[in-house]
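Okay, so here's the structure we're looking at.
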């Protein structure tokens with residue numbers, strides 16, 4: 001079964017990769033002035049990482065289940081081990097989504113365009129604020145120095161009816177959190193609450209119609225009530241995700257960070273140079289605890305491949321494409337073999353879907 005799955009997956013990906021794509025080419029200029037188009041690989045990387053993530057989950061999950069059965073049979077199963085079982089899926093989601101948010105903020109080119117566009121829409125943040133914090137991160141904007149960056153946040157202050165001097169890093173150390181709040185007033189907590197309300201409304205306009213549409217397959221009062229509750233829960237999760245990200249920034253900049261790291265210019269540069277955004281990235285993903293247990297594991301397995309992709313180049317040399325094929329084929333072989341032997345070893349919606357397809 002594994003060999004058959006490996007072979008078919010390897011050949012299938014090879015066929016998929018054989019089609020040339022203009023967006024995955026690089027142009028080099030020769031000494032005589034002519035140009036040469038060189039094809040690049042990486043177009044199927046997301047698919048490969050998805051398969052790899054599932055294979056890793058199957059292998060580790062199987063090993064952990066065997067460990068748990070042995071420990072429970074000998075009455076040695078501890079609360080710590082039980083806690084690890086319950087926290088693993090939320091932790092995977094929190095870590096993965098944190099990596100994605102960090103990349104969205106500082107390295108958007110490492111994410112697909114659709115991902116960036118969706119996060120931009122959900123975050124609803126002034127691009128000048130992102131640009132300012134990115135300049136703090138790369139050292140272009142430094143507090144207490146005249147670096148020619150006052151215009152960036154100064155224009156933002158003017159648009160939000162705030163004193164323009166707040167946007168001058170040479171005179172305002174640091175720039176107040178009220179700029180981060182973008183017109184919501186000085187309170188970090190009120191800003192967090194307003195973020196939740198706005199994000200919840202935005203999410204409901206997306207998820208409620210979809211949930212109601214699915215409920216129309218078997219229309220009933222119970223089905224529609226379940227659809228509304230499901231949309232509300234998911235919207236609450238997303239609203240909390242965005243709220244925790246922004247409030248994490250405020251915690252690091254104002255509420256807690258300065259009291260731990262320090263209030264000097266060097267420490268302020270450090271906080272706005274990455275600590276504040278990093279805090280938001282660490283906190284936001286734990287909103288997954290609002291979702292049901294089943295959705296927690298699906299959420300983690302959905303985001304993990306995208307997080308892994310941020311660590312790899314989006315394009316690479318065509319001569320190394322065989323490595324990706326081997327990884328994809330091996331991962332697919334593991335997943336398919338486990339589905340055929342024991343459907344329960346492949347978790348989430350994918351396990352049920354593959355079991356239904358492969359067992360017919």
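Quick rundown of the values:
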| quantity | calculated |
| --- | --- |
| Selection from the stretch 252-268 of residues that are in contact with a helix residue (DSSP H, G or I) (Cβ under 7 Å, 6 or more places away or on another chain) and either touching a residue at least 40 places away in the same chain (Cβ under 8 Å) or crowded, with 22+ Cβ neighbours inside 10 Å (or both) | 252, 253, 254, 255, 257 |
| Residues that are buried (at least 16 other Cβ atoms within 10 Å of the Cβ), modelled with pLDDT of 90 or more and outside any helix (DSSP H, G or I), drawn from the stretch 292-319 | 310 |
| Output for the stretch 104-115, where each listed residue is at pLDDT 90 or above and touching a helix residue (DSSP H, G or I) at 6+ places or on another chain (Cβ under 8 Å) | 104, 105, 106, 108 |
| Residue list for the stretch 167-197, restricted to those being surrounded by 19 or more Cβ atoms within 10 Å (Cβ to Cβ) and more than 26 Å from residue 150 (Cβ to Cβ) | 192, 195, 196 |
| Filter result (in contact (Cβ under 8 Å) with a residue 24 or more places away in the chain and either closer than 18 Å to residue 249 by Cβ or in contact with a strand residue (DSSP E or B) (Cβ under 6 Å, 6 or more places away or on another chain) (or both)) within the stretch 95-106 | 97, 98, 99, 100, 101, 102, 103, 105, 106 |
| Residue tally, condition exposed (fewer than 12 other Cβ atoms within 10 Å of the Cβ) and within 21 Å of residue 317 (Cβ to Cβ), over the stretch 1-20 | 4 |
| Residues within the stretch 1-38 that are in contact (Cβ under 8 Å) with a residue 12 or more places away in the chain and outside any helix (DSSP H, G or I), tallied | 7 |
| Condition broken by residue 135, with the remaining ones in (1) part of a helix (DSSP H, G or I); (2) surrounded by 18 or more Cβ atoms within 10 Å (Cβ to Cβ); (3) in contact with a helix residue (DSSP H, G or I) (Cβ under 7 Å, 6 or more places away or on another chain) satisfied | (3) |
| Where residue 85 falls short, out of the listed (1) surrounded by 11 or more Cβ atoms within 10 Å (Cβ to Cβ); (2) more than 28 Å from residue 300 (Cα to Cα); (3) within 33 Å of the chain's Cα centre (by Cα) | (2) |
| Qualifying positions in the stretch 39-62 - part of a strand (DSSP E or B) and crowded, with 17+ Cβ neighbours inside 10 Å | 40, 41 |
| Selection within the stretch 320-347 - at pLDDT below 80 and either buried (at least 18 other Cβ atoms within 10 Å of the Cβ) or closer than 15 Å to residue 47 by Cβ (or both) | 345, 346, 347 |
| Test for residue 85: is it out of contact with any helix residue (DSSP H, G or I) (no Cβ under 6 Å at 6 or more places or on another chain) and touching a residue at least 12 places away in the same chain (Cβ under 8 Å) | yes |
| Test for residue 161: is it surrounded by fewer than 17 Cβ atoms within 10 Å (Cβ to Cβ) and assigned to a helix (DSSP H, G or I) | no |
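The values are calculated or read from the model by the stated rules, or taken from the named source; none is laboratory data. Since this is a predicted model, take the numbers as computed values, not measurements. Every residue, glycine as well, gets a Cβ built from its backbone with ideal geometry; the counts of neighbours run over all protein chains shown.
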